[in-house]
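K.L.:
I am attaching a structure below and will ask some questions about it afterwards.
The values are calculated or read from the model by the stated rules, or taken from the named source; none is laboratory data. Just so it is clear, the structure is predicted and the values come from calculations on it, not from any experiment. Reconstructed Cβ throughout: ideal geometry from the backbone, glycine too, with neighbour counts over all protein chains shown. Heavy atoms of the whole protein, side chains included, go into the accessibility calculation; ligands, DNA and RNA do not. Shrake-Rupley method; radii C 1.70, N 1.55, O 1.52, S 1.80 Å.
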Amino acid sequence: MPLSFNSASHGPVAFGFFNIASDMLLLEQFFFFCDDFCDWITTLADQTSPAFLDCEVFHIKTVQDTGDLMGAIHGIRFTGFIGRVYEQFPFPQNPVLFKQDPNGHRTRQEMQEMIALFADKKTVQVGCDDAHFRFGPYAFTQTVFHELIRYVWQGGYPRWKNGIRPACVTAMAARLQETGSRFFAGVFP
C-alpha cells in the first residue's frame, strides 16, 4: 500500500507498492520495479560526491489512466492501470493474506504488458546532492529519502510475506550498511 511521504518540493506524495502480487512501486505518476529501485540506490551508494543516474520509469500522465486504488482494492471500481492490475491480481478476501509477495518479480511480464497500455517510458534523474535526494521532479530531505528506502526494506505497509525479502532488497541493504557514502549514513540504525 503506498504511503504519504513529505517531499521538500511538492509536499505530501504517494510512494510504495500498490499490489501485493507485484514488486512494482509508484511515486505519484512514476512506476518502476523494486529491483530497478534497489539497483539505483546501490549504484548511488558507491558515490562519495553528489551524483545522479538516468533511470527509466513508466510515466502515466493522468489520474484517470492511473486508476482508483481504493476502488480497485474494494472491488468496486476498476479504472486505469491500477484497475487492470486488480482485475488480474485481486485484493485477497482474507486480510491475513495481505502481505507483499517476495516473488513479485514473477509478474513482471504481465505488469509491463498492462502498464504499456497507459504509460510512456520516461528517463528521470535519480540521485543526491548536498541539499536533497531527487527522483525526477521530486526532492526529499535525506531523512525522508531514507524512509523510502526503509519502506522497501520492510515490504511496505503489509510487510514482506513470511518476513522473506527479495534478493535485490537484501543486497541493497547490505551495500548500504557497508558503504562509506555520507548520503546513506544511518539508513539502517
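K.L.:
Look through the range 57-104, keep the residues that are of a type in the set (Lys, Arg) and touching an Asp or Glu at 6+ places or on another chain (Cβ under 9 Å), and return whichever of them is nearest to ILE164 (Cα to Cα).
P.N.:
Restricting to residues being of a type in the set (Lys, Arg) and touching an Asp or Glu at 6+ places or on another chain (Cβ under 9 Å), the top hit is ARG77.
K.L.:
Any idea which residue in the range 116-136 is farthest from the chain's Cα centre (by Cα), counting only those that are among the hydrophobic types (A, V, I, L, M, F, W, C) and at pLDDT 95 or above?
P.N.:
LEU117
K.L.:
Quick one: ILE82 ticks every box in (1) farther than 23 Å from HIS146 by Cβ; (2) open to solvent by 50 Å² or more (accessible area, probe 1.4 Å); (3) aliphatic (A, V, I, L, M); (4) at pLDDT 95 or above except a single one, so which number is it?
P.N.:
Going through the list (1) farther than 23 Å from HIS146 by Cβ; (2) open to solvent by 50 Å² or more (accessible area, probe 1.4 Å); (3) aliphatic (A, V, I, L, M); (4) at pLDDT 95 or above, ILE82 breaks only (2).
K.L.:
While we're here: Among the residues of the range 136-156, how many are of a type outside the set (Val, Ile, Thr) and not in a helix (DSSP H, G or I)?
P.N.:
Selection size over the range 136-156: 7.
K.L.:
Inspect the range 150-169 for any residue being open to solvent by 20 Å² or more (accessible area, probe 1.4 Å), among the aliphatic types (A, V, I, L, M) and under 16 Å from the mean Cα position of the chain (by Cα) and give the result as yes or no.
P.N.:
Yes, that holds for at least one residue.
K.L.:
Please go through the range 41-60 and pick out each residue that is of a type outside the set (Phe, Trp, Tyr), closer than 11 Å to PHE31 by Cα and in contact with a helix residue (DSSP H, G or I) (Cβ under 7 Å, 6 or more places away or on another chain).
P.N.:
ILE60
K.L.:
Can you spot a residue in the range 92-111 that is of a type in the set (A, V, I, L, M, F, W, C), at pLDDT 95 or above and closer than 14 Å to PHE33 by Cα?
P.N.:
Yes; the residues of the range 92-111 include at least one that is of a type in the set (A, V, I, L, M, F, W, C), at pLDDT 95 or above and closer than 14 Å to PHE33 by Cα.
K.L.:
Provide a single number: the residues in the range 27-62 that are surrounded by 21 or more Cβ atoms within 10 Å (Cβ to Cβ), of a type outside the set (Phe, Trp, Tyr) and within 20 Å of LEU3 (Cα to Cα).
P.N.:
Of the residues in that region, 6 qualify.
K.L.:
Filter the range 137-149 down to the residues that are free of Cβ contacts under 8 Å to residues at least 60 places away in the same chain and within 14 Å of the chain's Cα centre (by Cα) and list them by number.
P.N.:
PHE145, HIS146
K.L.:
Assess whether PHE81 counts as being closer than 18 Å to MET172 by Cβ and within 17 Å of the chain's Cα centre (by Cα).
P.N.:
no
K.L.:
Filter the range 170-179 down to the residues that are open to solvent by 20 Å² or more (accessible area, probe 1.4 Å) and either among the basic types (Lys, Arg) or more than 13 Å from LEU44 (Cβ to Cβ) (or both) and list them by number.
P.N.:
THR170, ALA171, ALA174, ARG175, GLN177, GLU178
K.L.:
Name the one entry in PHE183, PHE133, PHE145, PHE140 that is farther than 22 Å from PRO2 by Cβ and touching a strand residue (DSSP E or B) at 6+ places or on another chain (Cβ under 8 Å).
P.N.:
None of the others qualify; the one that does is PHE183.
K.L.:
Which ranges mark the strands (runs of 3 or more DSSP E) fully within the range 1-118 that have 1 or more residues being closer than 15 Å to TYR157 by Cα?
P.N.:
3-7, 11-17, 24-27
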